[in-house]
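Read the structure below first, then the notes.
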Amino acid sequence: MSITNRSALLCAMPAVGHVDPMLVVGRELLRRGWRVRMLTGSRYAERVRAAGVDFVALPAEADTLDSVGATGRNRGIATINAGVEEAFVRPALPAAQKLDALLAEEPVDVVFHDMTFLGVQGLLARPASERPLVVMCGVGPAGFSSRDCPPYGLGIVPARWRAIGRMRDAVLNRSARWVLSGAHRALDDLLARLDAPGLDGAFFMDVLARSDLLAQFTVAEFEYPRSDAPAHLRFYGPMAAPAASSGSAGELIDRLDPDVPVVHVTQGTVANTDFSELIGPSLQALADRPVQVVLTAGGRAASDLPPLPRNAFAADYLPYDRLLPRTSVFVTNGGYGGLHQAMRHGVPIVVAGDSEDKVETSARVQFSGAGLSLGTGRPSPSQIARAVDRVLADPRFAAASRRIGERIAMAGGAPALVDDVEAMLWA
């Protein structure tokens, strides 16, 4: 079913991993004849317009996410407490004011927001009849509290034995508000300023469940099972952007020896200011091993990378649709989009991440069996070497990644999400 003369506003915090998945949804809406605008940071204006979506700039006070952590990132619990306030709570009030002004100027049928765009909370405080449909887009790991899971932010995986796990997690969930008191206090203060209901003892991530539809951009096999999950939580798979042309990067892939395993190493497009975190030690770890190391600088020039050993190759850009089918191990700091790209192609993973949401993505890699988590964002060369050796030697990691990849291939993606949204509007 397609509904014309509908309009949508996409709200994304200014970061590539937030903007790009939302633009995939935007393209599908446009294909069906919707009018689509996106509210995000000014750095992404050209990206948004190239997708055919009308761009609207966040106010400067809310256009800050790209700069958070530029001079050093919080890790562990500090990531949640300080990071949530700095990256997501502080920009939310000016973002909410801009959102209200846009809707007053031109009402829409649906507001799609990424999970960190807290400016929608004021909108959600209104009766459903007085506001548009609101859809939460899960561009990172789901954090809804559950009796079956430890609380979000600790990087702890659910116990394999449910009864034991529930006893452990009951203690963890009770203590989570104290451990993460900074995040809870900051969010409660914001909700009060937006005239929205407070948390009232709920875990801070549960505020996301207030949206009308919880659209998680993964498959259930890469999430923790929750017997008490919100009834309006649905999985649509990752939102994959169209592949770009290969150019000279494609020629690099053509030169790779088909008989030698390929290890792809990346620090993603956000945490790529300090190559000594993962790329440097990976190059040291793999220099003398019978593998081919292929890497990019995550949006920076390949010339910015450390010196390459003989078995390493770099390009400014690498087309994943050609590289990943040739890849034997994916070494990453745990970006949500990159992990799904690897699993889409059944590539096993070695993940080293402990900042931003990467402590949680790393835990899901470990729990799903799709790879190994090193438990740190600064692994040593020996840690990386042992992990890559183990993943190459044990086919169970690749088999688990392939199983998730098969589910990704079956997921409905943006068309299924828009189908559900149109059905909700039509009802």
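Couple of notes before you dig in:
- Near the amide H of Gln292, within less than 5 Å, lie the amide hydrogens of Val262, Val263, all on another chain or at least 5 residues away, with H placed in the peptide plane.
- Within region 192-209: backbone nitrogen closer than 18 Å to the Gln97 label point (7 Å, Cα to C-beta): 192-196
- Whole-number percent relative contact order across the chain, with pairs defined as alpha carbons under 8 Å at least 6 apart: 15 percent
- Considering only Gln121, Gln383, Gln292, the Gaussian network model of the chain with Cα springs below 10 Å gives its largest mean-square fluctuation to Gln383.
- Applying a DSSP loop filter and a limit of 15 other Cβ atoms within 10 Å to the trypsin sites (Lys or Arg not before Pro) in region 142-198 leaves Arg147, Arg160.
- Helical mean residue ellipticity (222 nm; -39500 (n - 2.57) per DSSP H run of 4+; nearest 500) of the chain: -11500 deg cm²/dmol
- Whole-Hz Karplus values for region 15-25 come out as 7, 4, x, 9, 5, 4, x, 5, 5, 4, 4 Hz, taken residue by residue from phi with 6.51 cos²θ - 1.76 cosθ + 1.60 and θ = phi - 60°; glycine and proline positions read x.
- Carbon/sulfur fraction of accessible area - the chain, other protein chains in place, 1.4 Å, %: 52 percent
- Region 273-336: C-alpha gyration tensor shape, a/c 1.5 cut-off, then a/b vs b/c: rounded
- Simple label model, 7 Å out from Cα along Cβ direction - Ala170 to Ala45, nm: 5.6 nm
- Region 140-294, relative contact order in percent, only Cα pairs under 8 angstrom and at least six apart counted: 20 percent
- Mean accessible surface per residue for the chain, computed with a 1.4 Å probe while every protein chain stays in place, in Å²: 41 Å²
The values are calculated or read from the model by the stated rules, or taken from the named source; none is laboratory data. Note that this is a predicted model, so its numbers are computed, not measured. Positions of Cβ are backbone-derived with ideal geometry, glycine not excepted, and every protein chain shown enters the neighbour counts. Calculation scope for accessible area: heavy atoms of the full protein, side chains included, ligands and nucleic acids excluded. Shrake-Rupley method; radii C 1.70, N 1.55, O 1.52, S 1.80 Å.
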